[in-house]
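Undergrad: Have a look at this one before I ask anything.
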Amino acid sequence: MDALLIAADNALRTLFATPHASEPSPAIGHAACTLNPAEQKLAGALMRVNHVGEVCAQALYSAQAVVTRDPGLRAHLWAAAKEETNHLAWTRERLDALGARPSLLNPLWFAGAFVLGAVAAKVSDRVSLGFVEETEKQVSAHLQNHLQRLPAQDTASRAVVERMQADEERHAHQAANAGALPLPPPARALMQVAAKVMTTTAHYV
C-alpha cells in the first residue's frame, strides 16, 4: 500500500507539478544563445521528446517498484527514479528557455510506460532489470542522436543531454550488475518500434 501511494504521488507530481531537481542543471554557466526560428523549433522539439522520455522513466521505475517484492530492488528503483527527476526538471527548464511546451500526450505516455513496467516486473525481478537495462541502452542511443541534431550553439541543451546520456548508461550498467536477464531480440525490436512511435509523435504533439 505504501508503494502504491508513493507511485500515485509520483504520477501526480510528474504530470501536473513543476519538477524540482536535487542537483543544479548542467545548463548553468552556459550563456544564452541566439537561434534562428528553425533552430529554435528543432531544439524545442528535441527537448520535448527528451522530456517525454523522462516522464516515461518515472512511470517505469514507479511501476517496477510497486510490483517487486524485493526491498533492496525497490529501494534501488526509487533511487533511480529520484535521479531521473533531475532529468525531468532539467528538460522542462530547457523547454521553457526555448519557448517550447511539454507533450500534450504526457498522461498517455505515462500510463503506457507504467503498464509496461508493471508487466515486466510481474514476470520476475530479473526480467524487470533486463527491461531497465534495454530501455536505458535505447535511451542512450536516442540521446546520442539528439547530440548530433541539436544546434551547435545551443550548448545549454547539449550539456543537459550529455549528462543525461552518462546517467542512463550508468543505470544500464547497474541493472546488468544486479542480475538483469537479457531480453530476447523480438522484445528488443518491439521496444524500438514503440519508442519510434512515441518519439515521432512527441516531436510534434
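Where a number appears in this text, it was derived from the coordinates with a stated rule and is not lab data. Not measured: the values here are computed from a predicted model. Backbone-built Cβ (ideal geometry, glycine too); neighbour counts: all protein chains shown.
Undergrad: Please arrange E39, E93 by how many other C-beta atoms lie within 10 Å of their C-beta, fewest to most.
TA: By the 10 Å Cβ count, ascending, the order reads E39, E93.
Undergrad: Something else now. Test of understanding: ordering Y61, Y204 by Cβ neighbours within 10 Å, fewest first, what list do you get?
TA: Starting with the residue having the fewest Cβ neighbours, the order is Y204, Y61.
Undergrad: A further question follows. I need the shape label for the stretch 58-124. Rule: rounded when a/c is under 1.5, else prolate if a/b > b/c, else oblate, with a, b, c from the alpha carbon gyration tensor.
TA: oblate
Undergrad: For n ≥ 4 DSSP H runs only, could you compute -39500 (n - 2.57) per run for the chain, divide by its residues and tell me the 222 nm figure to the nearest 500?
TA: -27000 deg cm²/dmol
Undergrad: Report P(r) for the stretch 62-179: all Cα-Cα distances, bin width 5 Å, range 0 to the bin holding the largest distance, values in whole percent.
TA: Result, from short to long distances: 2, 11, 18, 23, 20, 13, 8, 4, 1, 0 percent.
Undergrad: Could you work out the relative contact order of the chain, using alpha carbon pairs under 8 angstrom and six or more residues apart, expressed as a whole percent?
TA: The normalised contact order for the chain reaches 29 percent.
Undergrad: Something else about it: Determine the shape class of the stretch 13-128: with a ≥ b ≥ c the square roots of the Cα gyration tensor eigenvalues, call it rounded for a/c under 1.5, and otherwise prolate if a/b is greater than b/c, oblate otherwise.
TA: Since a/c reaches 1.5 and a/b is larger than b/c, the shape of the stretch 13-128 is classed as prolate.
Undergrad: Quick check: Cα centre of the stretch 124-160 to Cα centre of the stretch 52-92, how many Å?
TA: One Cα centre to the other: 15 Å.
Undergrad: Within the chain, which whole H helices from DSSP have a Cα span along their axis of at least 24 Å and a mean Kyte-Doolittle hydropathy of -0.5 or more, if any?
TA: Answer set is 37-67, 106-123, 185-204.
Undergrad: Still on this structure, I have one more. Over the Cα atoms of the stretch 150-205, each weighted equally, I'd like the Debye log10 I(q)/I(0) at q = 0.12, 0.21 Å⁻¹, rounded to two decimals.
TA: Reported log10 I(q)/I(0), two decimals: -0.47, -1.02.
Undergrad: Hey, fewest Cβ within 10 Å first, where do T14, T91, T34 land in order?
TA: Starting with the residue having the fewest Cβ neighbours, the order is T34, T14, T91.
Undergrad: If you line up the Cα atoms of the stretch 113-182 on their principal axes, what length do they span on each, largest first, in Å?
TA: 45, 25, 15
Undergrad: Taking N as the number of residues in the stretch 1-76, what is its alpha-carbon radius of gyration divided by 2.2 N^0.38 Å?
TA: 1.48
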